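Written below as structure tokens is the structure these notes are about.
The values are calculated or read from the model by the stated rules, or taken from the named source; none is laboratory data. Note that the structure is a prediction, hence the values are computed from the model and not measured. Positions of Cβ are backbone-derived with ideal geometry, glycine not excepted, and every protein chain shown enters the neighbour counts.
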């Protein structure tokens, strides 16, 4: 991973930790679970190849 992405992750981790500081344990667990689900969905979306365009004019 490039330095730019590593720095972005560091900033995001800090923001997420700060956002969770005043949460109860169960609330924080749900928060992190939702974050994990979102991150996984983003990862999966990046791995999907773009569909090829169909040329219906060719016979």
Open item on the list: Condition (residue is loosely packed, with under 11 Cβ neighbours inside 10 Å, more than 11 Å from the chain's Cα centre (by Cα) and at pLDDT 95 or above) applied to region 43-57: is it met by at least one residue?
Closed with: no
Open item on the list: Looking at region 20-33, can you tell me whether even one residue there is closer than 25 Å to residue 9 by Cβ, modelled with pLDDT under 95 and not in a loop (DSSP other than H, G, I, E, B)?
Closed with: no
